[in-house]
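Enquirer: Encoded as C-alpha cells, here's the structure I'll be asking about.
The values are calculated or read from the model by the stated rules, or taken from the named source; none is laboratory data. Note that the structure is predicted; figures quoted are calculated from it, not measured. Here Cβ is always computed from backbone atoms with ideal geometry, including for glycine, and neighbour counts include all displayed protein chains. Please note that ligands, DNA and RNA were not included when accessible areas were found on the heavy atoms of the full protein model with its side chains. Shrake-Rupley method; radii C 1.70, N 1.55, O 1.52, S 1.80 Å.
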Amino acid sequence: MNNHSPGDSLAEPSPAMLDVVVIGAGFAGLYSIHKLTRAGLRVAGYEKGGDVGGVWYWNRYPGARCDCESHVYSYGFSDELQQEWNWTLRYSEQPEILQYLGHVADRFDLRRHIRFNTTVLAAIFLESENCWQIETSDGDRVFSRFIVAAAGGISAVQRPTFPGFERFAGRSYYTAQWPHEGADLAGKRVGIIGTGASGVQCVSTLAPQVQHLTVFQRTANWVFPVWNGPTDPAVDRRVKAEYPHLRRASLDTAGGFPFDLVEGSALSVSAEERAAIYQRAWKLGGVMFMSRSFNDLLVNREANETAAEFVRAYIRGTVKDPAVAETLIPVDHPIGTKRPPMDDKYYETFNRDNVTLVDLRKSPLIEFVPEGIRTSAGVHELDVVIFATGFDTITGALTRIDIRGREGRSLAAKWSTGAQTYLGLAMAGFPNLFTITGPLSPSVLANMPTAIEQHVDWITDCLLFMREHGYGVVEPTAAAEEEWTRHSMEVAAGSLFPLANSWYLGCNVPGKPRVFGVYVGGFGHYRRKCDQVASAGYEGFLFDGAAHGAPTAARAGTPSQAHASHA
Ligand code: N01
C-alpha cells in the first residue's frame, strides 16, 4: 500500500492532488476523461477491466448486441468521429462496439490517463482538506478534489445462490463475465437460467450451436424484434449528413433518441386502425414498437393491454406448440414495465427440437445435482449452465465501493432505504462527488450515450464555473435532494412501471428496498431542468457551504480555496 498525504509529491499516476478521479472506462468514463482533460484538469481514470469498454468489455456472451440502433448508440461530441466511423450492422454486436470504444480511446489518446485492472475499493471525503482519499485494489491511495463515478448502472453482477451448486459436475458461466477466450459449447447440453435481455440474446444465438438447450424461465418477458441487418448505405449517408441536427433533436425527446413519442392514445382509434399502427411500429423494431405507436402505453392500463394483446397474438402465431407459447406469454406485468428484451429469433427458437423451455413457476428449481439441475418435475442433465441472472442495477456499482462522505457516513447506508439524489448527479453529504447517469436520472430509460454526454457536459460546466468563481466544494442541499427524490417518486407512481417486479425497482436483489431508481419524466424534460438549475447559478447546490452569490465565511482562507485553482 502506498500511503501518500495530499501534500506529497507522487509519481504518476498518483500525483499529489488530482482534480478528478474517474471511476470506470466505459462509454461514460471515456467521455468524462476526454472532456475533463480537455478542460485542463488533472484526471486519473481507474478501470476494473483490462481495457476500455465497460459493460462491452465484460458482456461477451454469445449474441451480445446493442438494443439501440448503432447510429444512435454512439458518441456525438466529435463530428469527425461520427463521420469516420462506419457501423456494419443496424444494431451493433458487442465486438464492434468494443472496437469502437477502443478506437475512441486511441483517437483521443485517453488510455494514458487510465489505470486498468484496478478497482476503486474505497473513497472517503476528508473534510479538513476538502478532497477525496481513494483506495484502489493495487494498494494505491490517491487524493482528488472531485470524483466522477462512471461505474455504470448495469455493471454490478448479481450472483444468486442455488442449493447444491457446488456439487454440479459441469461448467458454468455468467453472461456478464463471459470468458475472453470464449466457451466451447458445441455438442454440449447447455442450460440457461434467466430470460432478461442477456438471456434472450444468448438463447437464440446458442440454440443452433449446442446439442441441447434448456431454458429455465422464472418470468416470461415481452420480447421485441429489431429486424437487424447490414447497415443500409443510403441510411448511413443520410444519417451522417444530418448528424448535427439528429443529436440536437435527441436532447429534447423523452428517450434521448432522435424521435419522440407519437401523439395519440391507443384508445382513441378503431380496432382496425390500432392494429395497423401496431403492425407498422412492430416493423420499425425495438423500442419503436411502443414509442412510435401510442403515447399512453406506459400510463394507461387499458391502452397498455392493447399492445400486450398484439404481442400475445405474435407469440401464439410464431411458437408452434401452444403450451410453450402460453408459457412464453408474460402474465405478471404490463408490457414495457420491465425492460423488454430485443431479439429477432427468440420466439422461433422454441420451435427447434433441441430447445426445451422449463417454467420455474410451475416446477421450481430445487437444487443443483452433479449431473444438472433438479426441479420439482425431475432432473435436467446438463454439461454447462449459463447464468443470465442480471445485476444489482442503478445503485450496485456504487454501493459496492466503500464511499464515505461527511462525518464518515456511507453512501450504501444513505441509500439503504432507496436512492436519494439531486438530479441523479450528486448527493447531499457527499461533496464533490458526481454520478454519471446515476440513480433518479433518466439513465437506463434514455439512450445511454446521449444521457452520458449530457451529464458529463453539465458536470464539466459546473467545474469550470467553480474555477471561475474560486469555489472548492460543491454539494446539493438536503432540501433540493429531497424535492428531486420526491418528484421522481411521484412521476414514477403516475406510470405503470411500479406494477412490475423489475430491476428498475430493485426487486431482483434480495433485501433491496422496492424503490423506483430511474427518473421517468422524460430525458428532454430532465435535460431542460438541469440547464435551468445551471443558469440559475446552480440552484439547489451549495458552493463552499453557501448558495452561489451568497457571502460565505467558509470560503475565506480554507484549504478548498487553495485547491480551487485546479478546476
Ligand atoms: O438481467 P435481467 P439481464 N432463479 O435482470 C432471472 C441491459 N442489457 O442481464 O425476472 C431463476 O433483466 C430473472 O428472472 P425474474 C438491459 O437494460 C442491455 O438479462 O427475476 N431465475 C430474469 O429472467 C437489461 O434489462 C443489452 O423472475 C433468476 C433474469 O434472470 C439489463 O441489462 C443487452 C434468478 C435476469 O434478467 C439486465 O439484463 C443485455 C433465480 N434465482 C442486457 N435470479 C443491450 O442491448 C434471476 N433470475 C444494450
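Enquirer: Report the residue count in segment 77-93 for those that are open to solvent by 60 Å² or more (accessible area, probe 1.4 Å) and more than 15 Å from Pro449 (Cα to Cα).
Expert: Qualifying residue count, segment 77-93: 7.
Enquirer: Sort through Glu80, Glu69 and tell me the only one that's more than 16 Å from Val456 (Cα to Cα), within 16 Å of the ligand (Cβ to nearest atom) and modelled with pLDDT of 95 or more.
Expert: Glu69
Enquirer: Any residue in segment 504-527 that is closer than 21 Å to Phe257 by Cβ and surrounded by fewer than 24 Cβ atoms within 10 Å (Cβ to Cβ) sitting within a Cβ distance under 7 Å of a residue that is basic (Lys, Arg) and at pLDDT 95 or above? List the pairs, counting only those 6 or more apart or interchain.
Expert: Every condition considered, no pair remains.
Enquirer: Among the residues of segment 531-551, how many are assigned to a loop (DSSP other than H, G, I, E, B) and open to solvent by 30 Å² or more (accessible area, probe 1.4 Å)?
Expert: 8
Enquirer: Would you mind stating whether Ser495 is open to solvent by less than 60 Å² (accessible area, probe 1.4 Å), over 18 Å from the mean Cα position of the chain (by Cα), of a type in the set (Ser, Thr, Tyr) and at pLDDT 95 or above?
Expert: Yes, satisfied.
Enquirer: If you don't mind, another one. Take Thr119 and tell me if it is open to solvent by 10 Å² or more (accessible area, probe 1.4 Å), under 30 Å from Gly286 (Cα atoms) and modelled with pLDDT of 95 or more.
Expert: The answer is no for Thr119.
Enquirer: Given the criteria within 28 Å of Pro370 (Cβ to Cβ), among the β-branched types (Val, Ile, Thr) and away from the ligand (no atom under 15 Å from the Cβ), does Val215 qualify?
Expert: no
Enquirer: Tally up the residues in segment 348-399 that are assigned to a loop (DSSP other than H, G, I, E, B), surrounded by fewer than 17 Cβ atoms within 10 Å (Cβ to Cβ) and among the charged types (D, E, K, R), please.
Expert: Selection size over segment 348-399: 5.
Enquirer: Continuing with this model, one more query. Applying the selection to segment 476-510, what residues are within 16 Å of the ligand (Cβ to nearest atom) and aliphatic (A, V, I, L, M)?
Expert: Those that are within 16 Å of the ligand (Cβ to nearest atom) and aliphatic (A, V, I, L, M): Leu499, Ala500, Leu505, Val509.
Enquirer: Give just the number: which of (1) open to solvent by less than 70 Å² (accessible area, probe 1.4 Å); (2) more than 25 Å from the chain's Cα centre (by Cα); (3) more than 26 Å from Tyr314 (Cβ to Cβ) does Ala207 not satisfy?
Expert: Unmet for Ala207, out of (1) open to solvent by less than 70 Å² (accessible area, probe 1.4 Å); (2) more than 25 Å from the chain's Cα centre (by Cα); (3) more than 26 Å from Tyr314 (Cβ to Cβ): (3).
Enquirer: Taking segment 136-163 on its own, how many of its residues are more than 15 Å from the ligand (Cβ to nearest atom), among the polar types (S, T, N, Q) and open to solvent by 40 Å² or more (accessible area, probe 1.4 Å)?
Expert: Of the residues in segment 136-163, 1 are more than 15 Å from the ligand (Cβ to nearest atom), among the polar types (S, T, N, Q) and open to solvent by 40 Å² or more (accessible area, probe 1.4 Å).
Enquirer: Any idea which of Ile386, Ile366, Ile373 is in contact with an Asp or Glu (Cβ under 9 Å, 6 or more places away or on another chain), within 30 Å of Val324 (Cβ to Cβ) and within 13 Å of the ligand (Cβ to nearest atom)?
Expert: Answer to the check: Ile373.
Enquirer: Scan segment 86-98 and tell me whether some residue there is at pLDDT 95 or above, of a type in the set (Phe, Trp, Tyr), assigned to a loop (DSSP other than H, G, I, E, B) and more than 13 Å from the ligand (Cβ to nearest atom).
Expert: yes
Enquirer: A further question on this structure: Is segment 213-224 home to any residue that is small (Gly, Ala, Ser) and either out of contact with any helix residue (DSSP H, G or I) (no Cβ under 9 Å at 6 or more places or on another chain) or modelled with pLDDT under 95 (or both)?
Expert: no
Enquirer: Something else: If Pro513 meets every condition in (1) over 30 Å from Glu468 (Cα atoms); (2) within 16 Å of the ligand (Cβ to nearest atom) apart from one, which number is that one?
Expert: With respect to (1) over 30 Å from Glu468 (Cα atoms); (2) within 16 Å of the ligand (Cβ to nearest atom), Pro513 is out only on (2).
Enquirer: Then there's this: How about segment 94-114: which of its residues are in contact with a Leu (Cβ under 7 Å, 6 or more places away or on another chain) and open to solvent by less than 20 Å² (accessible area, probe 1.4 Å)?
Expert: Passing the criteria: Leu101, Val104, Ala105, Leu110.
Enquirer: Pick out the one residue from Val190, Val215, Val235, Val203 that is assigned to a helix (DSSP H, G or I) and touching a Ser or Thr at 6+ places or on another chain (Cβ under 9 Å).
Expert: Val203 is the lone residue from the list that is assigned to a helix (DSSP H, G or I) and touching a Ser or Thr at 6+ places or on another chain (Cβ under 9 Å).
Enquirer: Looking at Leu36, is it modelled with pLDDT of 95 or more and either part of a loop (DSSP other than H, G, I, E, B) or more than 16 Å from the ligand (Cβ to nearest atom) (or both)?
Expert: Judged against the criteria, Leu36 is a match.
Per-residue answers, yes or no, for (1) β-branched (Val, Ile, Thr); (2) touching a strand residue (DSSP E or B) at 6+ places or on another chain (Cβ under 9 Å); (3) within 16 Å of the ligand (Cβ to nearest atom); (4) open to solvent by 10 Å² or more (accessible area, probe 1.4 Å):
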| residue | (1), (2), (3), (4) |
| --- | --- |
| Gly429 | no, yes, no, yes |
| Thr435 | yes, yes, no, no |
| Val444 | yes, no, yes, yes |
| Glu453 | no, no, no, yes |
| Asp457 | no, no, no, yes |
| Asp461 | no, no, no, yes |
| Leu464 | no, no, no, yes |
| Val474 | yes, yes, no, no |
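Enquirer: Yes or no: Ala419 surrounded by fewer than 24 Cβ atoms within 10 Å (Cβ to Cβ) and either farther than 18 Å from Val21 by Cβ or within 18 Å of the chain's Cα centre (by Cα) (or both)?
Expert: No.
Enquirer: Please determine, by comparing only the residues of segment 28-70 that are within 17 Å of the chain's Cα centre (by Cα) and of a type in the set (Val, Ile, Thr), which one is most open to solvent (accessible area, probe 1.4 Å).
Expert: Val55
Enquirer: Looking at Pro341, is it on the phi < 0 side of the Ramachandran plot and within 11 Å of the ligand (Cβ to nearest atom)?
Expert: In short, yes.
Enquirer: Quick check on Ala266: is it crowded, with 20+ Cβ neighbours inside 10 Å and modelled with pLDDT under 95?
Expert: No.
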